[in-house]
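Some notes on the structure that comes next.
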Amino acid sequence: MLPLLAEDSPLSGFTAAQIATMVSGSGVALATAIAVLWRTIHSLYHKVITLSEEVGELKGKQAGVEALSNQVLDRLGERE
């Protein structure tokens, strides 16, 4: 039977079971990191949507205030 790893390999001192354990542990750590990043990105996406809606409302209110102020200035200009 051929050896699993070359003799000069850094992993040559480990058994196949130990290597499989290390690889599966690394996979679990990677999956956990991906899940945390996904949740963070998803949360930030929803915050961006909420802020965009609020900015839209504020722009609408600003347009209303500008229209009202223009009406007031027009009426004041008519009196003078």
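The values are calculated or read from the model by the stated rules, or taken from the named source; none is laboratory data. Treat the numbers as computed from the prediction; the structure is a model and nothing was measured. Neighbour counts are summed over all protein chains in view; Cβ atoms, including those assigned to glycine, are modelled from backbone coordinates with ideal geometry.
Some points to look at:
- Glu7 vs. criteria among the acidic types (Asp, Glu) and exposed (fewer than 10 other Cβ atoms within 10 Å of the Cβ): yes
Residue-by-condition table, conditions (1) modelled with pLDDT of 90 or more; (2) part of a helix (DSSP H, G or I):
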{"site": "Asp8", "(1), (2)": "no, no"}
{"site": "Gly13", "(1), (2)": "no, no"}
{"site": "Met22", "(1), (2)": "yes, yes"}
{"site": "Gly27", "(1), (2)": "yes, yes"}
{"site": "Ala31", "(1), (2)": "yes, yes"}
{"site": "Ser43", "(1), (2)": "yes, yes"}
{"site": "His46", "(1), (2)": "yes, yes"}
{"site": "Ser52", "(1), (2)": "yes, yes"}
{"site": "Lys59", "(1), (2)": "no, yes"}
